[in-house]
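What follows is one structure encoded as structure tokens, with my remarks underneath.
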Amino acid sequence: MKKKRASFLTHIFAIFWVLFFLLPVLYVVFSAFKSRSELFQHIPTFFPRDWTLDNFKRLIDNPYFMTYEWIRNSFIVAIASTVVAVVINTMSGYALAKFRFKGDTIILIVILSTIMLPLEVIMVPIARIIRTLGLYNTLWALIIPPAATPAGIFLMRQFLLTIPDDLIESARIDGASEWRIFRSIIVPNAKPAIATIAIFSFMWRWNDYVWPLIAIRSPSRYTLQLGISTLSGEYTTDWAALLAISTISMIPMLVVFLIFQRNFVQGVAETGMKG
Amino acid sequence: MAKKEQSFKSYIFRQKAVPYVFLSPNMLIFGLFIITPAIMGVYFSFTNFRGLGDQPQWIGMQNYVNLFTDPDLFGAILNTIYLVAVTLPIVFFFSLLLAIILVQPLRGRPIIRATYYWPVMISFLVVGLIWRWILRDSMGYFNGLLDTLGIGRIETLLNPRFAWWSVVFVFTWSRAGYYMVMFMAALLSIPSQLYEAAEIDGANRWQRFLHVTYPSLRPARLMIFILAGMEIFKIYPLVESFTRGGPNYATEFAVRYIYETAFSYRQIGLASAMSVVMIAIVMIFTLGNLALAKRRGAI
């Protein structure tokens, strides 16, 4: 059977929204390659007339912008936190999917209800706790606490429910330790869910603003997002630097997106992945 | 014999401990960074705590009284509620529209889907900057465009009303792709027999949408409604880089106000009271929607 194509008009309509989502981003990226005079001309053009790397050079030359450190910190935080997230969310998902124990329903309810306590709303006491625990102004504060995500646990639980119990039982009869069962049966079988948690976690941590804001003080420990926010001051905004650094900050996301596009779409579709 | 029994007992004990051990890292983090702060927040809200080196003093309901009598404080909460009331339906129907476009047999569908989704990958902070750069007063691309078209420049982000609606627009731009994907999954799971039956009954496009598609989306609709609503309630980094709450507090929403109150003005007690009220509002919103759906038999 031949598949019918959508009408020409539908295609036009679809392409209209493609431009709607794409052009604003492209305009900013192109602006990052414009010279100072072009950035502030009376009627801006979409494309740069003379492409220049001045704005990017500015990020390197001016010691006020610790661009290199910020990028490095962002990578450290995003990668480390993702590793932690994968390990602990898989463990919790396993416990909730494959064990019956006292309080299991309550724990599941607690996990789901933490979704209703958004970090943004309770950031004041969280900032106190971070200080009390001695995590203030360390990258640990950006790595460990955000790694526990209710959505990650829930996704893993739902996924592991589909693994047959017999697999685990027979390993147990063979005398395998619980940790060994986890490592050699659960983890290999959970790979698709692990991939989903990993790429979402990487995106969330890379784009995080609120955790760094309440936990970090020294500019040398800023993440890229926090660095960006300090560049846009209340009265003066260093647009030349901002456009360049914003463009840089989108590159890792673009790479991750191009590679894992399918996982992102499936992750959202299946669980509504939510930080 | 006795020894064997004992080791069996300890085996049972260990078996019972296993799930708790597996759960412990997560539970520790939740306990320390979500549950404890929530309880602390409730306590702070009854004190005049001003942060570092200060002893919190119990002042009873004073913060809450201030919250509900001071028009500025309450204004930020009301403004947030308005924002949710306006933005939620727009995001909801726009993402549904995009999902409907994408389930059509389009040429190059994967690329189209990817571009619709792409803004979701950009941080709220950068999204705010992107649109500030475009809508920036007098010299932005938007005003340049109006000028070229002969419409003449307008006051953009310096106009309170324009700024407020821009927040609605920018939020929608940045998050529609996300909810679109959830709608798509739901649309694709509707059995095609339902459409065939409707077609045989002579239902036109619109009738099919109204009587087949829309009702079938019920569970997805509920989830999207709640998730998107919660996301708008806690809007913050986006406005921080886009409008900074201005002009004249027009885009001052609850979370930004809580942050400013706590960290710039050091009124942690008052900020905590606002947090408690916001949590209560989010809970009423979420549980209320769930309860309503349950009564209608949707879940």
In what sequence do A:260, B:242, B:74 fall when counting other Cβ within 10 Å, fewest first? B:74, A:260, B:242
For the range A:164-241 the chymotrypsin sites (Phe, Trp or Tyr not before Pro) that pass both the DSSP coil test and the at-most-16 other-Cβ-within-10 Å test are A:235
Protection proxy ranking, peptides A:183-194, A:157-168, average beta carbon neighbours within 10 Å, highest first: A:183-194, A:157-168
Shielding by other protein chains, B:233-244, mean Cβ within 10 Å: 4
With eigenvalues of the C-alpha gyration tensor scaled by 5 and rooted, the range B:135-279, Å: 40, 26, 10
Beyond 30 Å between alpha-carbons counts as too far, so tell me which of B:16/B:294; A:98/B:234; A:102/A:191; B:234/B:294; A:191/B:16; B:16/B:234 fall in that bin. B:16/B:294; A:98/B:234; B:16/B:234
Give me the Kirkwood hydrodynamic radius of the protein assembly as shown in Å, from all C-alpha pairs, to one decimal place? 25.8 Å
Among B:195, B:117, B:11, which one shows the highest mean-square fluctuation when chain B is modelled as a Gaussian network with alpha-carbon springs under 10 Å? B:11
Say we join alpha carbon atoms closer than 10 Å with springs in a Gaussian network model of chain B; which of B:102, B:238, B:149 then has the biggest fluctuation? B:149
Can you tell me the Rg and the Dmax, both Å, for the Cα atoms in the range A:1-61? 18.3, 62
Treating each Cα of chain A as an identical point scatterer and ignoring solvent, apply the Debye formula and state log10 I(q)/I(0) at q = 0.15, 0.16 Å⁻¹. -1.18, -1.26
Please report, in debye to the nearest 20, how large the charge dipole of chain A is about its Cα centre when each Lys and Arg carries +1 at its beta carbon and each Asp and Glu carries -1 there. 460 debye
Using a Gaussian network model of chain A whose springs link C-alpha atoms within less than 10 Å, name the residue from A:62, A:89, A:73 with the highest mean-square fluctuation. A:62
Length-normalised contact order of chain A, Cα under 8 Å, at least 6 apart, in percent, tallies to 29 percent
Note: B:110-121 gets an average of partner chain Cβ contacts (10 Å, Cβ to Cβ) equal to 6
Residues with amide H under 5 Å of residue B:47's amide H, sequence separation 5 or more or different chain, H placed in the peptide plane at 1.01 Å from N; which? B:59
Averaged across the residues of B:91-98, what count of C-beta atoms belonging to other chains lies within 10 Å of each residue's C-beta? 1
Using only Cα atoms, what Kirkwood radius does the range B:50-112 have, in angstroms? 16.3 Å
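For A:250, B:40, which order do you get if you count the other beta carbons within 10 Å of each Cβ and list the fewest first? Mind dumping the intermediate values first?
Numbers: A:250 22, B:40 19.
Fewest-to-most ranking of A:250, B:40: B:40, A:250.
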Candidates per trypsin sites (Lys or Arg not before Pro) in the range A:1-100, loop by DSSP, up to 12 other Cβ within 10 Å: A:2, A:3, A:4, A:5, A:49, A:100
Cα gyration tensor of the range A:1-158 - equivalent ellipsoid semi-axes, whole Å, descending: 42, 31, 14
The convex hull of the Cα atoms of chain B, divided by residue count, gives a volume in Å³ per residue of 257 Å³
Modelled label-to-label distance, residue A:106 and residue A:251, 7 Å Cα→beta-carbon offset: nm? 5.1 nm
Within the protein assembly as shown, helix-based [θ] at 222 nm, where runs of 4 or more DSSP H residues each add -39,500 (n - 2.57), nearest 500: -21500 deg cm²/dmol
Can you tell me the dipole magnitude for the protein assembly as shown around its Cα centre, using point charges on the Cβ only (Lys, Arg +1; Asp, Glu -1), in Debye to the nearest 20? 1420 debye
Among the aspartates and glutamates, which have Cα under 18 Å from the Cα of residue A:4 when same-chain residues fewer than 8 positions away are ignored? B:196, B:199
Per 5 Å bin from zero, what fraction in whole % of the C-alpha pairs of the range A:46-103 is there, up to the bin with the longest pair? 4, 14, 11, 11, 10, 10, 9, 7, 7, 6, 5, 4, 2, 1
Paired Rg and Dmax values of the range A:106-166, which use every Cα atom, in angstrom: 15.2, 48
Candidate span helices, chain A: DSSP H, at least 27 Å along axis from Cα coords, Kyte-Doolittle average at least 0.0, result A:8-31, A:67-98, A:239-271
Determine, for B:154, B:281, the number of other Cβ atoms within 10 Å of each Cβ, and report the residues in order from fewest to most. B:154, B:281
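Rule-based calculations on the coordinates, nothing more; no lab input. Being a predicted model, the structure only gives us computed values, none of them experimental. A quick note on method: Cβ atoms are made from the backbone with ideal geometry, for glycine too, and the neighbour counts reach across all protein chains shown.
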